[in-house]
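The values are calculated or read from the model by the stated rules, or taken from the named source; none is laboratory data. As the structure is a computational prediction, the values presented were derived from the model and not from experiment. Here the Cβ positions follow ideal geometry from the backbone for every residue, glycine too, while neighbour counts run over all protein chains shown.
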Amino acid sequence: MSRTGRGIWAVKIPSTLGGASFTVESASCRLCGWSIIDQGNQPTTQSLDTAVAAAAAGTLTLTGFTSVSLVTVAPAAAWPAGVNQVTLTNVAGGTQTVDIPGGTTNPVILSFPNPVPTTGTPVVSVPAIVGGPAYTIEAVGTVAGTPFPELIALGQFQDGGDIIGLTAPVTGRTDTQWLADKGVYVGNQLKFAVVTGVMSGVAYIRDAHDDGDPQAGSY
């Protein structure tokens, strides 16, 4: 009577940041190998804001932004009636504008469900408005990932809390290792923990009671 039969299969390891871990298999299994890529420094979300006095022109410079997803200009009181616009410059597709809803307390919003890439340093601008309220400009986008202090990313395959394998691909490269068709026995659960860097890839595993022997698992 066969207890296994699936053979070796691949488990996807999602993008995992240093200090985090991913559970490859929550039960006992056999680790046969892996293929892991160092993804380098990933963009991170950043938010900037500034407060502007009543009736004054205002700007918010998004230094270092690689994309913009949201701009909000929120008034402290009603906007005066009239035609005025908020502008966002130095983004793909050219300058973006949106009308200020005069006579209301509604915020001005530029929203990009698909973040718009930058073509330089983006600047949000609000004109001086006679009798205008004080307001706050806020923008959300991404900035390039800060460099890690280490030169090589490091990941650990763990059986519970015990290290059973190490991987250290150089930036942008892949580390592919094959341990054995029978695999290394994992008695608890198999985890992939990233010590430094950002990594993703696949782990190749098989059932705990399947050691690759055609006779294995038969009574």
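As for region 160-178, it holds at least one residue that is touching a Cys at 6+ places or on another chain (Cβ under 9 Å) and in contact (Cβ under 8 Å) with a residue 60 or more places away in the chain.
One line per residue, one yes/no per condition, for (1) in a strand (DSSP E or B); (2) at pLDDT below 95; (3) more than 22 Å from the chain's Cα centre (by Cα):
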residue	(1), (2), (3)
I129	no, no, yes
T136	yes, no, yes
F148	no, yes, no
Q158	yes, no, yes
I163	yes, no, yes
L166	yes, no, yes
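Residue count for region 90-106 satisfying the condition of being in a strand (DSSP E or B) and not hydrophobic (A, V, I, L, M, F, W, C): 4. Under the condition of being closer than 18 Å to N106 by Cα and of a type in the set (S, T, N, Q), the residues counted in region 51-84 number 2.
Residues in region 120-127: is at least one touching a residue at least 40 places away in the same chain (Cβ under 8 Å), in a loop (DSSP other than H, G, I, E, B), under 30 Å from T87 (Cβ atoms) and among the hydrophobic types (A, V, I, L, M, F, W, C)? No, there is no match, as no residue in region 120-127 is touching a residue at least 40 places away in the same chain (Cβ under 8 Å), in a loop (DSSP other than H, G, I, E, B), under 30 Å from T87 (Cβ atoms) and among the hydrophobic types (A, V, I, L, M, F, W, C). If we scan region 67-79, do we find a residue that is within 28 Å of G172 (Cα to Cα) and buried (at least 19 other Cβ atoms within 10 Å of the Cβ)? Yes, region 67-79 contains at least one residue that is within 28 Å of G172 (Cα to Cα) and buried (at least 19 other Cβ atoms within 10 Å of the Cβ). Counting only strands (runs of 3 or more DSSP E) that fall entirely inside region 1-89 and contain at least 2 residues that are modelled with pLDDT of 95 or more, in contact with a strand residue (DSSP E or B) (Cβ under 6 Å, 6 or more places away or on another chain) and within 30 Å of T119 (Cα to Cα), the qualifying elements are 44-52, 58-61, 65-75.
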